[in-house]
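To start, the structure itself, in structure tokens.
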Amino acid sequence: MQKILFAILCFCCTGKVFGQCEIQNRLRPDGTMYYHAPLTLLYQTSDIELQGNLVTDKESYFLRLIPIQQSQPIRTKDAVKKDLLVKLQNDSVYALKYYDSWYGRKDSTFNLLYLFSKEQLNSFLNNNIQSFNIVIGKTARVLIFKLHPDIIKQQFACFKSSATKL
């Protein structure tokens, strides 16, 4: 009996340590449970850093971005209420709809949430991201992915394989 319990414990711990797929959850103040993959550094220069991850409420999928500008911090939510243009490696361009923005609870990081349409999901599941065209304030920036162009695709696959567990 002890050997069986030990084997089960080892199997569970191994999946957590060596698994490529980790899904966390967070209860929002409005009572909605969101599931998300860990934040990943997507883009970095001396002027701007962009972190992001995939988020779902089991009905819709969202891309969460956290832009950190060293020279001009984001001061107002109105500065970013534009859709996000995403170019995939197959040269198709998709507009992700602006959904929400907020400041982090424990710090001053600014979070942006963009909504994937149902029609876009397969393209993002099967293609790497090449670039983002993001508008912050009056400045449009094209951020070309070099660090983790496949991370959103991997996170979609993670959510798809874990769909029965959510």
Out of VAL93, VAL142, sole residue that is touching a Ser or Thr at 6+ places or on another chain (Cβ under 7 Å) and surrounded by fewer than 13 Cβ atoms within 10 Å (Cβ to Cβ): VAL142
Name the residue that is surrounded by the most Cβ atoms within 10 Å (Cβ to Cβ), counting only residues in segment 118-132 that are modelled with pLDDT of 90 or more and touching a Leu at 6+ places or on another chain (Cβ under 8 Å). ILE129
Report, ordered by the first and then the second residue, all pairs with beta carbons closer than 9 Å, sequence separation of six or more or different chains, a first member in segment 25-52 that is under 19 Å from ALA157 (Cα atoms), and a second member that is aromatic (Phe, Trp, Tyr) and in a loop (DSSP other than H, G, I, E, B). LEU42/PHE145
Regarding LYS106, is this residue farther than 24 Å from CYS21 by Cβ and modelled with pLDDT of 85 or more? no
What number of residues in segment 141-162 are among the aliphatic types (A, V, I, L, M) and either in a loop (DSSP other than H, G, I, E, B) or under 17 Å from LYS97 (Cβ atoms) (or both)? 2
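The values are calculated or read from the model by the stated rules, or taken from the named source; none is laboratory data. Owing to the predicted nature of the structure, the values given are computational and were not obtained by experimental measurement. With ideal geometry, Cβ positions are generated from the backbone for all residues, glycine too; neighbour counts draw on all protein chains shown.
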